[in-house]
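This report refers to the structure that appears directly beneath it.
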Amino acid sequence: QVQLVESGGGLVQAGGSLRLSCAASGIIFSIYAMGWYRQAPGKQRELDSMITSGGNTNYADSVKGRLTISRDNVKRTVYLQMNSLKPEDTAVYYCCAVWSTTFNWGQGTQVTVSS
């Protein structure tokens, strides 16, 4: 059974930082691409960043230079370092494990950025 558990969300002031973590179990973590998505109220879920099994990364234009994704295959964990946060970053952040056409989702963690 695939399980993805996010943590690290919370309330932060604009300009602040947070680090999200997503611990995975039930999958061969090292072969999965891992991603972070966000869903703001009333909006569709959208991709912030993805890291492949080989460590290649990509980012949405809106977060380039502010968010950094990384993974630790020993700890079976993917991270999202979020710097220079803005009120518009307020959303529920979801971890995703991707293999072929299969997407596995975590339960999400709330990030709220106050102005």
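We did not get these values from a lab; they are worked out from the coordinates using the rules stated. Just so we're clear, the structure is a prediction, and the values are computed from it rather than from any experiment. Note that each Cβ is placed from the backbone with ideal geometry, even for glycine, and that neighbours are counted across all protein chains shown.
Between residue 110 and residue 81, what is the FRET efficiency for a Förster distance of 22 Å, r being their Cβ-Cβ separation, to the nearest 0.05? Could you put the intermediate results ahead of the total?
On the way: r = 17 Å, r/R0 = 0.80.
My answer for the efficiency is 0.80.
Using a 4.7 Å Cβ-Cβ cutoff, the cysteines of the chain lacking any partner cysteine are 96.
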